[in-house]
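In what follows, a structure is listed as structure tokens, so that the remarks can point back to it.
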Amino acid sequence: MISTVGRALAVILCVMTAVFFLIRMVPGDPAKMILGEYSTPEAVESMHHALGLDLPLGEQFIRFVKTLFTQGDTGNSIINGTSTRELIADRAPVTLLLIGMACALAIVIALVLATLAATHKDKLLDHLIRIFPTVTLGMPIFWVGILLILLLSVHLHWFPVGGVGEGWWGTLYSLTLPAITVAFSQIPTLVRSLRAQMLEVLESDFVVTLKAARLPSRVILFKHVLRNAALPTLILLGVNISYLIGGTLVVEQVFGIKGIGSLLFSSISKRDFPVIQGIALYCAVSVVIISLLIELLSRWLDPRTKGKP
């Protein structure tokens with residue numbers, strides 16, 4: 001566990017260092033973003049001094065790390081002066097709810113489709129389900145979102161076109177279509193992985209023995225086959241969730257949701273360095289926490305993995 005935590009801290013430190021230096025290599029000056037296109041060189045220089053951007057890069061990095069460890073924050077927004085932590089905390093609930101809904105939908109749909117495909121191997125239903133990943137795997141997530149908006153919102157009026165509704169029910173209802181869009185990007189790989197693992201387990205000797213013992217098919221399938229086949233798919237899900245967080249930020253733009261994604265795109269366009277660094281930090285921490293949870297769950301499913309890197 002100590003080595004796992006050490007790896008997690010190393011990943012977070014590497015991400016923060018990379019983001020700090022890479023964002024400063026992007027063309028664009030935050031001072032000119034604040035003062036406007038026709039600002040004088042003297043005003044720009046004065047703003048650089050006020051923001052600490054006239055300091056050597058190494059000194060800026062030391063101040064950034066010091067602020068992070070002493071205040072638990074990446075600093076105040078250059079644009080509006082608000083704490084980065086408060087800005088992210090204000091937007092995070094919607095984004096986290098969207099990620100949770102998308103993840104739950106992806107798991108449920110993948111589980112159903114993979115089970116049906118594995119139990120109907122080489123039949124029509126299996127072929128139809130195998131076509132689904134082939135069609136959807138190559139579609140960009142924003143394109144899927146636009147198609148779903150046109151079909152389910154504009155033509156059928158089943159879901160709102162965008163935004164977030166009021167109250168718990170309104171929020172869940174308005175986030176359903178974005179969650180389906182994000183889930184679409186995860187389902188194909190999960191279905192293919194789980195189907196292949198289930199077919200391998202279904203043909204193993206212990207399943208043949210269980211069938212000979214006349215155990216009910218549903219007991220064999222859900223108690224023995226799924227548990228043994230779930231481990232590789234669970235690890236794959238852990239990796240995909242990292243991509244899912246990035247995909248969610250894009251989908252928020254498509255559906256006009258004011259979450260972390262819209263805050264990130266706005267901050268990038270205005271070169272708001274502290275906010276960009278803060279979002280990168282919290283995304284890295286989220287990915288590390290999810291990886292730790294997946295690792296613990298993997299050890300519970302298969303104790304033989306305990307102690308393996």
**Study point:** Checking residue 8 against (1) surrounded by 12 or more Cβ atoms within 10 Å (Cβ to Cβ); (2) hydrophobic (A, V, I, L, M, F, W, C); (3) more than 18 Å from residue 80 (Cα to Cα); (4) out of contact with any helix residue (DSSP H, G or I) (no Cβ under 7 Å at 6 or more places or on another chain), the condition it does not meet
**Key:** (4)
Practice item. Starting from residues that are in contact with a Lys or Arg (Cβ under 7 Å, 6 or more places away or on another chain) and within 22 Å of residue 178 (Cβ to Cβ), keep the ones in the stretch 251-303 and report whichever is most open to solvent (accessible area, probe 1.4 Å). Key: 258
Review point. Considering only residues of the stretch 24-34 that are of a type in the set (A, V, I, L, M) and modelled with pLDDT under 75, which is most open to solvent (accessible area, probe 1.4 Å)?
Key: 33
Review point. Among (1) surrounded by 17 or more Cβ atoms within 10 Å (Cβ to Cβ); (2) part of a helix (DSSP H, G or I), which single condition is residue 90 missing?
Key: (1)
Practice item. Sort out which residues of the stretch 142-170 are assigned to a loop (DSSP other than H, G, I, E, B) and either at negative phi or touching a residue at least 24 places away in the same chain (Cβ under 8 Å) (or both), and write them in order of number. Key: 156, 158, 159, 160, 161, 162, 163, 164, 165, 166
Exercise for review: Please find, among 112, 108, the residue that is within 20 Å of the chain's Cα centre (by Cα) and at pLDDT 85 or above.
Suggested key: 108
Practice item. Within the stretch 70-86, track down each residue that is assigned to a helix (DSSP H, G or I) and surrounded by fewer than 16 Cβ atoms within 10 Å (Cβ to Cβ). Key: 70, 71, 86
Practice item. Filter the stretch 60-69 for residues that are surrounded by fewer than 11 Cβ atoms within 10 Å (Cβ to Cβ) and charged (D, E, K, R) and give the result. Key: 66
Exercise for review: Output the residues belonging to the stretch 4-59 that are of a type in the set (Gly, Ala, Ser) and either closer than 21 Å to residue 268 by Cα or free of Cβ contacts under 8 Å to residues at least 60 places away in the same chain (or both).
Suggested key: 6, 10, 18, 28, 31, 36, 39, 43, 46, 50, 52, 58
Review point. Scanning the stretch 230-250 for residues that are open to solvent by less than 60 Å² (accessible area, probe 1.4 Å) and of a type in the set (Val, Ile, Thr), which turns out nearest to residue 176 (Cα to Cα)?
Key: 248
Point to revise | Cross-chain or 6+ apart pairs with Cβ under 7 Å, the stretch 229-244 first and over 18 Å from residue 112 (Cα atoms) and of a type in the set (Val, Ile, Thr), then open to solvent by less than 30 Å² (accessible area, probe 1.4 Å) and part of a helix (DSSP H, G or I) | key: 235/294; 235/298; 241/103
Review point. So, in the stretch 201-229, of the ones that are outside any helix (DSSP H, G or I) and touching a helix residue (DSSP H, G or I) at 6+ places or on another chain (Cβ under 9 Å), which residue ends up surrounded by the most Cβ atoms within 10 Å (Cβ to Cβ)?
Key: 215
Exercise for review: Kindly indicate whether residue 189 is touching a residue at least 24 places away in the same chain (Cβ under 8 Å), closer than 22 Å to residue 92 by Cβ and either surrounded by 19 or more Cβ atoms within 10 Å (Cβ to Cβ) or among the small types (Gly, Ala, Ser) (or both).
Suggested key: no
Exercise for review: Select from the stretch 96-115 the residues that are within 15 Å of residue 230 (Cα to Cα) and either open to solvent by 60 Å² or more (accessible area, probe 1.4 Å) or not in a helix (DSSP H, G or I) (or both) and list them in ascending order.
Suggested key: 107, 108, 109, 111, 112
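The values are calculated or read from the model by the stated rules, or taken from the named source; none is laboratory data. Keep in mind it's a predicted model, so treat the numbers as computed, not measured. Positions of Cβ are backbone-derived with ideal geometry, glycine not excepted, and every protein chain shown enters the neighbour counts. Just the protein is used for accessible areas: all its heavy atoms, side chains included, with ligands, DNA and RNA removed. Shrake-Rupley method; radii C 1.70, N 1.55, O 1.52, S 1.80 Å.
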